[in-house]
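Encoded as structure tokens, the structure appears first; notes follow it.
The values are calculated or read from the model by the stated rules, or taken from the named source; none is laboratory data. Because the structure is predicted, anything quoted here is derived from the model rather than measured. Here the Cβ positions follow ideal geometry from the backbone for every residue, glycine too, while neighbour counts run over all protein chains shown.
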Amino acid sequence: MVECRFKGGPAAFGPEAAAEWIPVTLDAACTFCRIIAGQAEASLVYRDDSVTAFMDIYPVTPGHVLLVPNTHSPDLGHLPDEYGGQLFVIGRRIAQSMRRSGLRCEGINFFLADGQAAGQTVFHTHLHIIPRFDGDGFGFRRPSGVGPPSREELQAVAERLRSALRLSGWAG
């Protein structure tokens, strides 16, 4: 991990950079950290002192954006709460802007893969913001033949999750 600073603020995604330098902790081996630091090419959409948004180079649909925290976080377990909150706030704003952009956008998916088994391939927490439209070919599908669990099964799983939240000190 390396402490570094990058120029942030609204002007950072134009030809002129903002005057303010923002300190961040980055991993030199991480592609997304290199984008944040300006050491790798990206088509920036948004940047502030907490998050950076850029176009996905393997888009599901035109307009597919990745939103990342400006500090290295390989997974949700390492993501500071304030960055998690900002991901959702800015993600919502980008989603609203997608609808006004002229892109084909009849709906929007937020997708976050946490861990290899969930499909995470770049180990820097990132939120996919994907404009959707009828017939785009993307979607979440339940495996065939799998029906809804019983209420008892749902209650048992809910209790396990409540217990884990209490043990972690996060119960509400």
Residues that are under 16 Å from residue 31 (Cβ atoms) and either crowded, with 18+ Cβ neighbours inside 10 Å or hydroxyl-bearing (Ser, Thr, Tyr) (or both), drawn from the range 67-85 = 67, 68, 69, 70, 71, 72, 73
With the condition kept exactly as written, say whether any residue in the range 95-106 is touching a strand residue (DSSP E or B) at 6+ places or on another chain (Cβ under 7 Å) and either under 26 Å from residue 26 (Cβ atoms) or at pLDDT below 95 (or both).
-> no
Return the residue satisfying two criteria in turn: it lies in the range 141-172 and is among the aliphatic types (A, V, I, L, M) and assigned to a loop (DSSP other than H, G, I, E, B), and of such residues it is modelled with the highest pLDDT.
-> 146
Subset of the range 7-55, residues under 21 Å from residue 123 (Cα atoms), at pLDDT below 90 and either of a type in the set (Phe, Trp, Tyr) or surrounded by fewer than 17 Cβ atoms within 10 Å (Cβ to Cβ) (or both), comes to 23, 25, 28
Could you tell me whether residue 61 is of a type in the set (Val, Ile, Thr), in a loop (DSSP other than H, G, I, E, B) and farther than 26 Å from residue 38 by Cβ?
-> yes
Regarding residue 131, is this residue more than 11 Å from the chain's Cα centre (by Cα) and in a strand (DSSP E or B)?
-> yes
Taking residue 103 as the residue in question, decide whether it is without any contact (Cβ under 8 Å) to a residue 24 or more places away in the chain and not in a strand (DSSP E or B).
-> no
Single residue of 110, 138, 88 found to be surrounded by 10 or more Cβ atoms within 10 Å (Cβ to Cβ), of a type in the set (Phe, Trp, Tyr) and in a strand (DSSP E or B) = 110
